[in-house]
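Student: Got a structure for you, written out below as structure tokens; questions coming shortly.
The values are calculated or read from the model by the stated rules, or taken from the named source; none is laboratory data. As the structure is a computational prediction, the values presented were derived from the model and not from experiment. Backbone-built Cβ (ideal geometry, glycine too); neighbour counts: all protein chains shown.
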Amino acid sequence: MATGINSPPTSVPASPRFEWSKVGSDWEVEGSTIIASGMLADERYALGSKVIREGQYNVTYTINKVFYPDAHMFLGIAQITDDPDTAKTWGFSPATGNLYIGKKLNEHGDEQRKTHLMADPEANLVGRQEGSVITMIVDMDAKKLAFSANGEEPIDCGITLPEEGVRPWIFLYHEGDSVTVEEVC
């Protein structure tokens, strides 16, 4: 089993259970649930403290509330780095059902239309986001990422995760958007 010794050092705090390490400007936090303060916030992202460098790690993102029926939020992971302006991100968009890849923590990134993450290639969760559960499967041994929406079979994103590891990441746009994150054992 790899120990992560060859991974680059980072000042990112690590935790054996899910906790928030960084949350957006003026967001509300209650345990593993966050509520966004909106588009005018300086920072619209949150990071979990869990550093994932080996093995398989599963997370559920439960969407509690959305400001708009087609609210854009991005639920996924971010590359481990001390520079938030160079961290690559990979996120599932419930409004499109597609993968988005970003180049810094405080942006949602670009839509990858070829990477649809729901069973029906035309499906999305517009109007049905509240109560939806998105499961993210991170396999650092295989360097793969997959998502499942509302119990569907997981769909592989077709990307290779970085050697240095990843951590849970959320990007929320609208005031009142709320997500709860839980580790799956």
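Student: Which ones in the stretch 70-79 are modelled with pLDDT under 95 and either under 13 Å from VAL166 (Cα atoms) or surrounded by fewer than 21 Cβ atoms within 10 Å (Cβ to Cβ) (or both)?
Tutor: Keep residues of the stretch 70-79 that are modelled with pLDDT under 95, which gives 70-72.
Of everything in the stretch 70-79, those that are modelled with pLDDT under 95 and either under 13 Å from VAL166 (Cα atoms) or surrounded by fewer than 21 Cβ atoms within 10 Å (Cβ to Cβ) (or both) turn out to be ASP70, HIS72.
Student: Of all residues in the stretch 133-174, how many are loosely packed, with under 15 Cβ neighbours inside 10 Å, touching a residue at least 40 places away in the same chain (Cβ under 8 Å) and among the charged types (D, E, K, R)?
Tutor: Residues that pass the stated criteria total 2.
Student: Give me the residue from the stretch 127-159 that is in contact with a Lys or Arg (Cβ under 8 Å, 6 or more places away or on another chain) and among the acidic types (Asp, Glu) and, out of that set, nearest to TRP90 (Cα to Cα).
Tutor: Checked the stretch 127-159; the qualifying residue nearest to TRP90 (Cα to Cα) is ASP156.
Student: Determine whether the stretch 12-21 contains at least one residue that is surrounded by 13 or more Cβ atoms within 10 Å (Cβ to Cβ), aromatic (Phe, Trp, Tyr), modelled with pLDDT of 95 or more and out of contact with any Asp or Glu (no Cβ under 8 Å at 6 or more places or on another chain).
Tutor: The answer is no; no qualifying residue exists.
Student: Is it the case that some residue within the stretch 48-61 is closer than 20 Å to GLY176 by Cβ and at pLDDT below 95? Before the answer, list the steps.
Tutor: The first filter runs over the stretch 48-61 and keeps only residues closer than 20 Å to GLY176 by Cβ, leaving 61.
Among the residues that remain, those that are also at pLDDT below 95 are: none.
No, every residue in the stretch 48-61 fails to be closer than 20 Å to GLY176 by Cβ and at pLDDT below 95.
Student: A further question follows. So, of the residues in the stretch 37-47 that are closer than 12 Å to TRP27 by Cα, among the hydrophobic types (A, V, I, L, M, F, W, C) and buried (at least 17 other Cβ atoms within 10 Å of the Cβ), which turns out to be modelled with the highest pLDDT?
Tutor: Here is the first cut: in the stretch 37-47, the ones closer than 12 Å to TRP27 by Cα are 37-46.
Filter once more, keeping what is among the hydrophobic types (A, V, I, L, M, F, W, C): 39-41, 46.
Next cut, buried (at least 17 other Cβ atoms within 10 Å of the Cβ) only: 41, 46.
On the way: ALA41: 86, ALA46: 95.
Among residues in the stretch 37-47 that are closer than 12 Å to TRP27 by Cα, among the hydrophobic types (A, V, I, L, M, F, W, C) and buried (at least 17 other Cβ atoms within 10 Å of the Cβ), the one modelled with the highest pLDDT is ALA46.
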